[in-house]
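Let me begin by presenting the structure, written as structure tokens, before commenting on it.
The values are calculated or read from the model by the stated rules, or taken from the named source; none is laboratory data. Values in this document were obtained by computation on a predicted structure and should not be read as measured data. Here Cβ is always computed from backbone atoms with ideal geometry, including for glycine, and neighbour counts include all displayed protein chains.
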């Protein structure tokens, strides 16, 4: 019997073929898949995780405010204690309506002073009130300023600097995220005339009623947060007489910041 000679199969040819066009395509496919997974994880983090974090933190802030106010009767009752709400200063410089990157006073003119002066100042970016919207089941803290990182990304509603304080003559104007970071204003498009917007501040409750809705305007339409709110882009939209107003602004359409959605209300009562 003759000895068998072992046969060694060389793989260099296959490796060389993989290093050619097919190899480039394979490497490109792996890179695309990897990038797709990374993008998917980023989307999940932005849309889901930031919502959970911001919403939870915002609710903790609401509870902290209510504890500080001595509100032990019920979550929906106005707090006891002296009124320390501070009406905002009158402002001058323009800011985009909705969700600006940094806070700044709105082009609102000389807003009337609040009828109840502050007992102590409210620091910028500090939550000092609670907005409740029964139709939406929304309870969200309100802070001074509309800075994204310091206020809006925390899931808060932010008060435009230069606008009137809660319950005061003028326009109490707020901005909030519609998507991501707690998205407190996600469903404000569902509001209808007659819906209540309740603002609790230490010792006081201000109940506004929705009057008008502007479904779309530009981010630079500062007229919507003026003391007498009226769109400068659509002059037939808004009000023509002084009063105590509330304004909610957010981005529209969803997952876009191209336009702004505006909800206006008027003061119904205070207690």
Practice item. Answer yes or no: is there a residue in segment 220-227 that is under 19 Å from the mean Cα position of the chain (by Cα), in a strand (DSSP E or B) and farther than 14 Å from residue 138 by Cα. Key: no
Revision key, fill the gap. With criteria (1) closer than 24 Å to residue 214 by Cβ; (2) in contact with a strand residue (DSSP E or B) (Cβ under 7 Å, 6 or more places away or on another chain); (3) modelled with pLDDT of 50 or more; (4) part of a loop (DSSP other than H, G, I, E, B), residue 162 comes up short on (2)
Check your understanding: Would segment 119-128 turn up any residue that is in a loop (DSSP other than H, G, I, E, B), at pLDDT below 95 and on the phi > 0 side of the Ramachandran plot?
Key -> yes
Revision key, fill the gap. Those residues of segment 192-218 which are outside any strand (DSSP E or B) and over 22 Å from residue 241 (Cβ atoms) amount to 192, 202, 203, 218
Exercise for review: Name the single residue, out of those in segment 238-257 being touching a residue at least 24 places away in the same chain (Cβ under 8 Å) and out of contact with any strand residue (DSSP E or B) (no Cβ under 7 Å at 6 or more places or on another chain), that is farthest from residue 178 (Cα to Cα).
Suggested key: 242
Practice item. Name, by its number, the condition in (1) under 21 Å from residue 252 (Cα atoms); (2) modelled with pLDDT of 90 or more; (3) crowded, with 20+ Cβ neighbours inside 10 Å; (4) in contact with a strand residue (DSSP E or B) (Cβ under 6 Å, 6 or more places away or on another chain) that does not hold for residue 97. Key: (2)
Exercise for review: Look at segment 213-232 and say how many of its residues are surrounded by fewer than 17 Cβ atoms within 10 Å (Cβ to Cβ), touching a helix residue (DSSP H, G or I) at 6+ places or on another chain (Cβ under 9 Å) and within 17 Å of residue 188 (Cβ to Cβ).
Suggested key: 1
Point to revise | segment 48-76 residues that are on the phi > 0 side of the Ramachandran plot and loosely packed, with under 12 Cβ neighbours inside 10 Å, paired with ones that are part of a loop (DSSP other than H, G, I, E, B) and modelled with pLDDT of 90 or more (beta carbon under 8 Å, 6 or more apart) | key: none
**Study point:** Out of 235, 184, sole residue that is in contact (Cβ under 8 Å) with a residue 60 or more places away in the chain and either in a loop (DSSP other than H, G, I, E, B) or in contact with a helix residue (DSSP H, G or I) (Cβ under 9 Å, 6 or more places away or on another chain) (or both)
**Key:** 184
Practice item. Identify the single condition in (1) touching a residue at least 12 places away in the same chain (Cβ under 8 Å); (2) touching a helix residue (DSSP H, G or I) at 6+ places or on another chain (Cβ under 6 Å) that residue 207 does not satisfy, given that it satisfies every other one. Key: (2)
